[in-house]
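Reading through the structure tokens given below for one structure.
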Amino acid sequence: MKAAVITFPGSNCDRDLVVAFEGAGFQVTRIWHKDAELPAGVDVVGVPGGFSYGDYLRCGAIAAKSPVGGAIVKHAQRGGYVLGICNGFQVITEMGLLPGVLMRNATLRFVCRTVTLNVVTTDSAYTSTFAKGQQIRIPVAHHDGNYTIDADGLKRLQDEDRIALTYADNPNGSMADIAGILSENRRVFGLMPHPERAAEALHGSVDGAAMFAGLMGGMALA
């Protein structure tokens, strides 16, 4: 399986994401934001954390309009997988690949710590290695992780089983404790926690590695 990891000005988790993908067996190509096309045969695009374009205007807003943004949208529209982590989650919501918006944390403070997450659904390649209701430990590091959506949109996410992860102890004020959501076809996944920072034993948790392994296995069966 082939993965592509995007780098924007201000990305700072792109190398970590490459290492996590490679650890799960993916062949990884690194893509600069000015590239207008993705390499042929790419199965999953990883949009990493960081502060793309310094978070000017809104987090992810400028990155969403970059040359590579159109290629990512086309990839998703033809059924490709997209994983957006932290700032990457913000970017792909700005692209319209996922509903809702990421707002300033309710505390108005940057939060950086390992949190406990509840696995809400296992009906996705990303969460297939877990059990429904299982609790996992993955770090967060963000200032704008407060997931917000209108009441109708929230109900749709709930009714369609598209809320993948929730916080056991909400660190940012996200509606319904949401930490990560899925697209309608369950191939686009956005989450604020950083699974690539929980991919090796020295990280203190390998729950993130299980997520990448599940993605590899789920894509192989798709």
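The values are calculated or read from the model by the stated rules, or taken from the named source; none is laboratory data. As the structure is a prediction and not an experimental result, all values here were calculated from the model. With ideal geometry, Cβ positions are generated from the backbone for all residues, glycine too; neighbour counts draw on all protein chains shown. Just so you know, the surface numbers come from the protein's heavy atoms only, side chains and all, with ligands and any DNA or RNA stripped out. Shrake-Rupley method; radii C 1.70, N 1.55, O 1.52, S 1.80 Å.
Protein-only accessible surface at a 1.4 angstrom probe places the residues Cys86, Cys112 in the order Cys112, Cys86, largest first.
Per 0.36 nm of contour for each residue apart, how much would the distance between Tyr56 and Arg104 grow if the chain were fully extended, relative to their Cα-Cα spacing?
Working: separation 48, 0.36 × 48 = 17.28 nm, distance 1.33 nm.
Full extension from Tyr56 to Arg104 adds 16.0 nm.
Protein heavy-atom surface of segment 1-77, 1.4 angstrom probe: 51% of the accessible area is carbon and sulfur, with nucleic acids and ligands not counted. Spread over its residues, the convex hull of the C-alpha atoms of segment 21-95 is 86 Å³ per residue. Summed over the residues of the chain and divided among them, the accessible surface reaches 42 Å² per residue at a probe radius of 1.4 Å. Note on the chain: GNM, Cα springs under 10 Å; of Ala40, Ala61, Ala71, the largest mean-square fluctuation is that of Ala40.
The simple spin-label model puts a point 7 Å past each Cα toward its Cβ; for Gln135 and Lys2 those points are separated by 4.2 nm.
Does segment 119-205 classify as rounded, prolate or oblate by the C-alpha gyration tensor (a ≥ b ≥ c root eigenvalues; a/c under 1.5 gives rounded; else a/b over b/c gives prolate, otherwise oblate)? In terms of gyration-tensor shape, oblate.
Taking the convex hull of the alpha carbon atoms in segment 67-176, what volume per residue do you get, in Å³? Intermediate values should be presented prior to the final figure.
Values: hull volume 12.3 nm³, N = 110.
So the per-residue hull volume is 111 Å³.
If you run the Gaussian network model on the chain, springs between alpha carbon atoms under 10 Å, then out of Leu102, Leu57, Leu117 the most flexible one is Leu57. Overall, the anisotropy analysis places the chain in the rounded class: the square-rooted eigenvalues a ≥ b ≥ c of its C-alpha gyration tensor yield a/c less than 1.5.
For Thr29, the accessible area of its heavy atoms, probed at 1.4 Å with every protein chain present, is near 60 square angstrom. Judged by the gyration tensor of its Cα atoms, with axes a ≥ b ≥ c, segment 97-139 is oblate; a/c meets the 1.5 cut and b/c is at least as large as a/b.
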